[in-house]
1. May I ask you to say which residue of 213, 225 is of a type outside the set (Asp, Glu) and under 20 Å from residue 144 (Cα atoms)?
2. Being assigned to a strand (DSSP E or B) and polar (S, T, N, Q) is the filter here; which residues of region 222-247 pass it?
3. Going by what's in this entry, would residue 221 be described as of a type in the set (A, V, I, L, M, F, W, C), closer than 21 Å to residue 126 by Cβ and touching a residue at least 24 places away in the same chain (Cβ under 8 Å)?
4. For region 139-163, what are the residues that are closer than 16 Å to residue 225 by Cα and either buried (at least 16 other Cβ atoms within 10 Å of the Cβ) or among the aliphatic types (A, V, I, L, M) (or both)?
5. Here are some conditions: (1) surrounded by 13 or more Cβ atoms within 10 Å (Cβ to Cβ); (2) modelled with pLDDT of 90 or more. Residue 179 meets all but one. Which one does it not meet?
6. Any chance region 107-126 includes a residue that's closer than 18 Å to residue 230 by Cα, in a loop (DSSP other than H, G, I, E, B) and assigned by TED's automatic domain parsing to the domain that holds residue 224?
7. Does residue 206 count as part of a loop (DSSP other than H, G, I, E, B), within 26 Å of the chain's Cα centre (by Cα) and of a type in the set (Val, Ile, Thr)?
8. Pull out all pairs, ordered by first then second residue, where Cβ-Cβ is under 6 Å, the residues are six or more apart or on different chains, the first lies in region 108-133 and is small (Gly, Ala, Ser), and the second is buried (at least 20 other Cβ atoms within 10 Å of the Cβ).
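The values are calculated or read from the model by the stated rules, or taken from the named source; none is laboratory data. Note that this is a predicted model, so its numbers are computed, not measured. Neighbour counts run over all protein chains shown; Cβ positions are idealised from the backbone, glycine included.
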Amino acid sequence: MPETPSKYQTLFRGTLNVSVVLIGLASGVAQLTEIPTPVGQWVLTAVFLACLLYFVVRLWQIVFVLKIRELKTDLKDVTELLAMQQAGHRLYRDAIQRISDREKPLFSETLEVLVVIGSDDDGDRFVEKRVTTPEPLVTHRTVRPIVPTHTDRLARLDEISFKTLRPVGGTITALPLEESRLLRVWLIFDPAMATPTEWQLEYRPVGLWRPLRERGWDQLVWEDRLPTASGTPSAFTRFQITFSFPDGDQPPSVKERQGYGRISEPERDARGRWEVVWQDEKPAGRRYVWDLTQS
């Protein structure tokens with residue numbers, strides 16, 4: 001059974017046939033130069049030029065098709081390489097998360113959080129100020145920034161303007177470990193913490209407090225970590241949160257659902273915003289849930 005010619009063979013044969021026709025026409029034009037009839041010469045010349053144009057277009061088509069085939073091959077190779085790199089990257093991230101989950105904190109820490117409820121989505125902000133005392137050394141940490149969960153949108157580190165600050169003694173590198181509906185970040189300290197160190201996180205989870213602004217109530221959940229290597233139920237030695245609400249006629253309300261910690265009465269700051277301070281002087285690895293209301 002005869003083989004069906006490929007697309008490239010068909011193109012080549014067609015171009016070869018046109019070449020033969022061009023050669024024949026060129027010979028005919030040369031022979032007609034002695035014929036006095038100009039109409040015949042013009043007709044044959046026009047046919048020759050048309051065939052020449054067709055030949056050029058056909059040749060360009062062959063070059064174009066071959067180039068497209070080459071680019072498709074290159075694209076396939078690059079796509080396969082990228083898929084392999086992404087798979088390897090996921091393995092590294094999963095391994096780091098497993099290692100982090102198995103480690104117990106080798107430090108004690110005080111934590112002060114400023115929770116800013118903006119007057120609009122862009123004004124929502126978190127500032128976490130920490131003083132970490134290594135026992136004996138801290139090289140890295142993982143943290144979970146608070147991000148909106150009332151939508152199905154994936155959380156990305158570059159979308160929350162995540163910033164780190166280590167005022168004295170080094171830098172902090174932040175790398176995303178998990179970017180889904182929740183966010184997990186790996187923090188690498190350079191150099192490692194060997195003495196009590198003050199550092200800070202700041203990020204803007206746009207739209208986090210939209211439900212509070214729209215319906216007048218919402219909640220904040222904070223999971224304390226597992227027991228430390230020293231056997232204490234929490235790495236925190238003091239935990240404080242300052243809730244900053246937009247200006248309003250009525251004061252806001254903040255209540256910890258289980259009654260943990262102490263809560264101050266709402267007070268206005270110098271800018272006219274309402275502030276409520278909650279603190280727990282003896283954290284014990286708890287799950288905190290605060291109910292917030294503002295009319």
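1. 225
2. If the condition is that a residue be assigned to a strand (DSSP E or B) and polar (S, T, N, Q), then 237, 240, 242, 244 are the ones that fit.
3. yes
4. Scanning region 139-163 gives 140, 141, 142, 143, 145, 146.
5. Answer for residue 179: the failing condition is (2).
6. no
7. yes
8. 108/235; 118/124
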